[in-house]
Amino acid sequence: MRKAGCGGACRGAAARLDLTAMHRLPHRAILSLTGPDTLALLERTVTHTVGDWTDGEMRYGALLTPQGKVIADYLALRTGEGVLVDVHEDAAEDLLKRLKLFRLRAAVEIVRDETLAAGISAEGAADPRSAKLPKRVIAPAATMQDALPGWDALSIAAGVPEWGRDYRAAEVFPTDINMDLMAGIDYRKGCFVGQEVASRMKRKGLIRKRTVRLRGAALAAGAEVRAGEAGLLGVVTSVAGTGEGLALIRTDRFAKSIATRQPVTVNETPAEIEGAPWLIAEVKAHLEAPASESGQ
């Protein structure tokens, strides 16, 4: 298990960005929520808190199924008029429809704003998912430069999975994509759709599936991540450049592979999983837990 670090991919991608201008991000759409009940609607439906939300601050969240899986995750920007939601373009219409359904009689107008676009700029808001990612903006599309090249390399190097690339609607739980590690879930808020399942998974203490960074010479999206007698650990979800990628793995099986000194492979070629501090702590917890609790 390699120690955590942004590495050359992150530094190289960042070096190519001219943040004196706004660069448009690919495959994003903007939903606009306005009206006096906007925050009340979000408070009772989505995963992130709306308390103490200042204008210009961006928050990460998602709308879940009642079974606790992610329908769509997004970045939301508080404005003087309401909230702007930056979501993958393929998830936008579904999210729009569901928010309107949950609106009931609340005084909230929800529309897709085709004049706005998501981008990055030195003058933007901090991306709550990772300090390694550039600041983000929502602004008129006409004011932005062409679609940003190399976004996948940048987000993969930062260890941030994304809807449309690493997962799609109703495929993953929030902890599968590390939303709890990226300020995407407030377990203390009153309620949100899917809260019961999400909270129960949190209370159990031992998270069994996580998205991790890995390196290897034979990485390919969809390839199996294996480790000798520990068997199938998971699947590579995305790859950028040469030898950098993300994978959704079983952390209990990864812990077993470490305990039994079984090397990790992808396509029968050595691979190395990044030892982020949170992953090291969770692997240790699995190793110290009784077999009935750790899933081993």
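The values are calculated or read from the model by the stated rules, or taken from the named source; none is laboratory data. These figures come from a predicted structure and were not determined experimentally. No Cβ is skipped: glycine too gets one built from the backbone with ideal geometry, and neighbour counts run over all protein chains shown. With ligands, DNA and RNA removed, areas are computed over all heavy atoms of the protein, side chains included. Shrake-Rupley method; radii C 1.70, N 1.55, O 1.52, S 1.80 Å.
At least 2 residues being open to solvent by less than 30 Å² (accessible area, probe 1.4 Å) and at pLDDT 95 or above is the threshold, and among the strands (runs of 3 or more DSSP E) wholly inside the range 134-250 those reaching it are 136-140, 209-216, 232-240, 244-250. Scanning the range 1-48 for residues being at pLDDT 95 or above, in a loop (DSSP other than H, G, I, E, B) and either β-branched (Val, Ile, Thr) or exposed (fewer than 14 other Cβ atoms within 10 Å of the Cβ) (or both) gives a total of 3. Only one of Ile120, Ile110 is in contact with a helix residue (DSSP H, G or I) (Cβ under 8 Å, 6 or more places away or on another chain) and assigned to a strand (DSSP E or B); which? Answer to the check: Ile110.
Exactly one residue among Ala107, Ala91, Ala122, Ala117 is more than 22 Å from Ala21 (Cα to Cα), in contact with a Ser or Thr (Cβ under 9 Å, 6 or more places away or on another chain) and in contact (Cβ under 8 Å) with a residue 40 or more places away in the chain, and that residue is Ala107. Inspect all residues belonging to the range 173-180 and state whether any of them is in contact with a Pro (Cβ under 7 Å, 6 or more places away or on another chain) and of a type outside the set (S, T, N, Q). Yes - at least one qualifying residue is present in the range 173-180.
Of all residues in the range 77-96, exactly one satisfies the criterion of being among the acidic types (Asp, Glu) and touching a Gly at 6+ places or on another chain (Cβ under 7 Å), namely Asp90. A single member of Asp180, Asp127, Asp176, Asp166 is acidic (Asp, Glu) and under 22 Å from Ala21 (Cα atoms), and it is Asp127. Search the range 53-75 for residues being under 17 Å from Val137 (Cα atoms) and exposed (fewer than 15 other Cβ atoms within 10 Å of the Cβ), and hand back the single one that is nearest to the chain's Cα centre (by Cα). Step by step, filter the range 53-75, then rank; the result is Glu57. Out of the range 267-281, which residues are under 15 Å from Ser257 (Cβ atoms), of a type outside the set (D, E, K, R) and open to solvent by 60 Å² or more (accessible area, probe 1.4 Å)? Once the filter is applied, which keeps residues that are under 15 Å from Ser257 (Cβ atoms), of a type outside the set (D, E, K, R) and open to solvent by 60 Å² or more (accessible area, probe 1.4 Å), the range 267-281 yields Pro270, Ile280. Pairs linking a residue in the range 57-76 that is without any contact (Cβ under 8 Å) to a residue 40 or more places away in the chain to a residue that is of a type in the set (D, E, K, R) and open to solvent by 10 Å² or more (accessible area, probe 1.4 Å), with Cβ atoms under 8 Å and 6 or more positions apart or on different chains, are Ala76/Arg59.
The set of residues in the range 78-102 that are in contact with a helix residue (DSSP H, G or I) (Cβ under 7 Å, 6 or more places away or on another chain) and open to solvent by 60 Å² or more (accessible area, probe 1.4 Å) contains only Phe102.
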